[in-house]
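The values are calculated or read from the model by the stated rules, or taken from the named source; none is laboratory data. Remember, predicted model here, so these are calculated numbers, not experimental data. Reconstructed Cβ throughout: ideal geometry from the backbone, glycine too, with neighbour counts over all protein chains shown. Remember, those area values only see protein heavy atoms, side chains included, never the ligands or the DNA or RNA. Shrake-Rupley method; radii C 1.70, N 1.55, O 1.52, S 1.80 Å.
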Amino acid sequence: MPPIHLTTFFSPLLLKDNSLLLYFLFFFCAATLANTPINQDKTGKNKTTNTYETYGVHNDLGCNEQNGFCLAPRARNAPNNPILPLEWISDWIMFRVKQNYKDNPPPYTNPPSTLQPEDYTVSYGTTFYDANYLPLHGDGIGAMMTHYDNYCLPIFPIENNNYTCSIISLGNKTYFITYPHNRPQLMPTCCLFSPYHHAMRPDFVKYLNYDFLRSKHLNHSILAYSRQQLTLHGQVLFGFAFHKAVSPDAFNTPGYQHPHSFFFSGDYNTANAPIVSQNYTSFRVEKPNPAHTWERVSRMCPAVPKPCQLFNYSNLLKTNNNQLKILPAGSGWDQIKSEKN
């Protein structure tokens with residue numbers, strides 16, 4: 001079909017009334033712009049507010065043929081990838097490492113034997129996971145809630161993280177929830193952390209590099225996997241370690257490789273958390289109770305939560321107090337770009 005030229009289509013109108021032609025041209029252009037994505041990644045997916053590339057772990061933004069769809073290469077002699085159970089719960093202890101981490105990187109023992117007590121702070125929490133959960137909103141599959149008790153996830157530029165928070169992924173949507181007993185100033189009860197950030201899949205390790213050097217930690221008893229990237233905010237580390245040995249858990253399930261720890265870069269300026277490690281203490285196969293986990297979203301969040309402002313929360317707080325100040329670069333988790341392997 002040959003192209004249709006606007007001047008041909010509107011020629012009768014042009015002869016009769018130029019103002020009418022201008023109206024239709026304006027309407028046509030407005031409609032075209034309204035249906036044109038403002039920004040897309042290399043896969044053609046629309047980038048909207050609060051969407052972050054995650055090396056393929058929590059979404060496929062930035063993953064394409066040029067970078068092997070974010071899959072990490074494996075040497076022939078590399079161990080087989082560990083797989084998470086489809087349903088599990090685990091308490092954990094979190095170490096916020098403030099100093100001496102460059103010469104003593106994670107994974108760490110519990111407590112870290114290579115650090116001194118003054119090098120880190122300690123807090124606690126629990127993670128709940130169900131790979132097959134179907135959310136009511138129908139967007140995606142899987143659910144995960146990470147609950148931080150009295151000390152929230154320190155990847156945001158927030159100086160005082162002494163508050164309780166929960167990060168809940170339902171399908172492709174992830175929500176950030178706080179609680180009235182210690183909620184920070186201006187922090188909402190619930191906000192949408194991201195519209196495209198699902199729980200990690202059971203086989204998520206395929207997106208991380210097998211880390212031979214870190215696997216030597218703990219007397220070679222673990223398998224460590226990681227990705228690191230230099231951003232404008234500094235070096236961003238995402239790492240996960242599994243026990244090398246297969247073992248059952250307290251419920252006499254068939255043996256499997258239990259997760260050991262999740263270690264990552266925090267906000268190294270405002271939150272003073274350059275390295276963070278969540279060491280699992282009671283990992284077990286168990287189906288989470290929706291009433292105690294996923295249903296917090298329907299109870300505590302509005303039907304359409306506003307996007308979170310966590311990566312610039314401190315700037316918002318200072319602006320509200322008439323103390324506008326540009327803070328130094330933080331964790332860099334909002335700056336990751338998937339690269340060619």
Quick one: count up the residues across the stretch 149-163 that are more than 11 Å from Leu310 (Cα to Cα) and open to solvent by less than 10 Å² (accessible area, probe 1.4 Å). 3
First in the stretch 36-62 and at pLDDT 80 or above and of a type in the set (Asp, Glu), second anywhere and surrounded by 18 or more Cβ atoms within 10 Å (Cβ to Cβ) and in a loop (DSSP other than H, G, I, E, B), Cβ under 6 Å, 6 or more apart: Glu53/Leu61; Glu53/Gly62; Glu53/Ile336; Glu53/Ser338
Report, by residue number, each residue of the stretch 101-115 that is open to solvent by 60 Å² or more (accessible area, probe 1.4 Å) and in contact (Cβ under 8 Å) with a residue 40 or more places away in the chain. Tyr101, Asn110
Return only the number of the condition from (1) among the β-branched types (Val, Ile, Thr); (2) out of contact with any Lys or Arg (no Cβ under 9 Å at 6 or more places or on another chain); (3) open to solvent by 10 Å² or more (accessible area, probe 1.4 Å) that Thr174 does not satisfy. (3)
Please determine whether any residue of the stretch 157-164 is at pLDDT 95 or above, within 13 Å of the chain's Cα centre (by Cα) and not charged (D, E, K, R). no
